[in-house]
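Undergrad: This is the structure I have questions about; it appears just below.
The values are calculated or read from the model by the stated rules, or taken from the named source; none is laboratory data. Keep in mind that this is a model prediction, so the values were computed, not measured. All Cβ positions, even for glycine, are placed from backbone atoms using ideal geometry, and neighbour counts span all protein chains on display. Protein only, heavy atoms only, side chains kept; ligands, DNA and RNA dropped before computing areas. Shrake-Rupley method; radii C 1.70, N 1.55, O 1.52, S 1.80 Å.
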Amino acid sequence: GQQLNQSPQSMFIQEGEDVSMNCTSSSIFNTWLWYKQDPGEGPVLLIALYKAGELTSNGRLTAQFGITRKDSFLNISASIPSDVGIYFCAGTSGTYKYIFGTGTRLKVLA
Amino acid sequence: NAGVTQTPKFQVLKTGQSMTLQCAQDMNHNSMYWYRQDPGMGLRLIYYSASEGTTDKGEVPNGYNVSRLNKREFSLRLESAAPSQTSVYFCASSERAGQPQHFGDGTRLSIL
């Protein structure tokens with residue numbers, strides 16, 4: 001099935017560093033979502049984006065809807081140990097069907 | 001705030017056994033979904049229900065059936081479990097189709 005390409009697949013960073021990850025698709029989307037999943041739990045919605053070029057923040061997290069509508073970006077500023085987890089992007093062209101990325105696994109070194 | 005509640009959290013089955021996974025949401029959402037999550041793959045949609053009284057196949061429906069019991073509850077049934085159905089199953093709901101989905105904590109299912 002169709003999937004999104006998320007990059008990087010995993011990353012180790014030092015506490016306090018900024019983090020950037022992205023998601024690309026071969027299809028145009030009109031909604032992008034970013035989720036975080038902790039071990040043993042379900043994905044939790046972080047940010048929803050609805051318009052090309054849109055920049056939205058949620059605390060230390062900032063996400064952008066790419067102007068081509070085929071990509072999205074998530075930045076985490078000043079990372080802390082509780083940021084560890086898997087970050088998923090998801091996109092839809094407006095139907096019920098969201099396509100999910102394979103995730104970026106983030107590990108923060110104290 | 002319960003959100004989306006899934007039961008059971010863990011289950012081990014033998015090949016050929018049947019089982020129903022339960023899901024309930026308390027957000028008055030119209031749409032509900034069942035996904036499976038396998039290592040190295042994104043979430044894959046099994047079935048969804050756009051509104052009470054309707055269900056439709058997703059990307060990987062074979063071997064599964066669903067029932068939208070009422071607006072709150074959406075169950076997933078494995079009639080004859082196979083080892084390939086070993087996975088983590090997530091239920092999700094959204095206000096309506098196409099809106100951001102909110103997930104439960106999953107059911108970890110192993111089939112021997």
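Undergrad: What is the local net charge at A:Arg60, summed over the other residues whose Cβ is closer than 11 Å to its Cβ (Lys, Arg +1; Asp, Glu -1)?
TA: With Lys, Arg at +1 and Asp, Glu at -1, the net is -2.
Undergrad: What does the average come to when, for each residue of peptide A:97-106, you count the partner chain Cβ atoms lying within 10 Å of its Cβ?
TA: Mean inter-chain Cβ contacts per residue within 10 Å come to 4.
Undergrad: Tell me the net charge near A:Tyr96. Cut-off is 15 Å between Cβ atoms, A:Tyr96 excluded, with +1 for each Lys or Arg and -1 for each Asp or Glu.
TA: In short, +1.
Undergrad: Still on this structure: In the Gaussian network model of chain B, springs joining C-alpha atoms below 10 Å, which of B:Arg96, B:Arg68, B:Arg36 carries the largest mean-square fluctuation?
TA: B:Arg96
Undergrad: Something else about it: Here is the link list: A:Lys97/B:Lys9; A:Lys36/A:Lys107; A:Lys97/B:Lys14. Which ones come out longer than 20 Å on Cα distance?
TA: A:Lys97/B:Lys9; A:Lys97/B:Lys14
Undergrad: Could you give the size of the charge dipole of segment A:11-63 about its Cα centre, using +1 on the Cβ of each K and R and -1 on the Cβ of each D and E, expressed in debye and rounded to the nearest 20?
TA: 260
Undergrad: Next question. Near the amide H of B:Gln17, under 5 Å away, which other amide H atoms are found, from residues 5 or more places off or on another chain, if H is placed in the peptide plane?
TA: Close amide H contacts, sequence-distant or interchain: B:Ala81.
Undergrad: Determine which lysines satisfy two conditions relative to A:Lys51: a Cα distance under 17 Å, and not lying fewer than 8 residues away in the same chain.
TA: Correct list for A:Lys51: A:Lys70.
Undergrad: Between rounded, prolate and oblate, where does the protein assembly as shown land on the alpha carbon gyration tensor, with a ≥ b ≥ c its root eigenvalues, rounded for a/c under 1.5, else prolate if a/b exceeds b/c?
TA: Prolate is the answer for the protein assembly as shown, as a/c is 1.5 or above and a/b outweighs b/c.
Undergrad: Could you work out the equivalent-ellipsoid semi-axes for chain A, taking the square root of 5 times each eigenvalue of the Cα gyration tensor, largest first, in whole Å?
TA: 23, 15, 12
Undergrad: Let me ask another. For the protein assembly as shown, what is the percent of antiparallel DSSP beta bridges, rounded to the nearest 5? Write out the running numbers ahead of the final one.
TA: Values: 67 of 77 bridges.
Just about 85 percent of them are antiparallel.
Undergrad: Against the globular-protein guess of 2.2 N^0.38 Å, express the Cα radius of gyration of chain B as a ratio, rounded to two decimals.
TA: Working: Rg = 13.0 Å, N = 112, 2.2 N^0.38 = 13.2 Å.
It is 0.98.
Undergrad: What does the charge count around B:Gly106 come to, taking other residues whose C-beta lies under 12 Å from its C-beta (Lys +1, Arg +1, Asp -1, Glu -1)?
TA: 0
Undergrad: Another one. First measure r as the distance between the Cβ atoms of B:Asp26 and B:Thr54, then evaluate 1/(1 + (r/R0)^6) with R0 = 22 Å and state the FRET efficiency to the nearest 0.05.
TA: 0.60
Undergrad: Only protein chains counted, 1.4 angstrom probe. Which residues of segment A:24-42 are at least 30 Å² less accessible in the assembly than when their chain is isolated?
TA: With the partner chains in place, segment A:24-42 has these residues losing at least 30 Å²: A:Tyr35, A:Gln37, A:Gly40, A:Gly42.
Undergrad: Could you let me know the centre-to-centre spacing of segment B:45-105 and segment A:1-78, using Cα atoms, in angstrom?
TA: 25
Undergrad: Toward the positive end of the charge dipole of chain A, about the Cα centre and with charges on Cβ (Lys, Arg +1; Asp, Glu -1), which of A:Thr102, A:Thr68, A:Val84 goes farthest?
TA: A:Thr68
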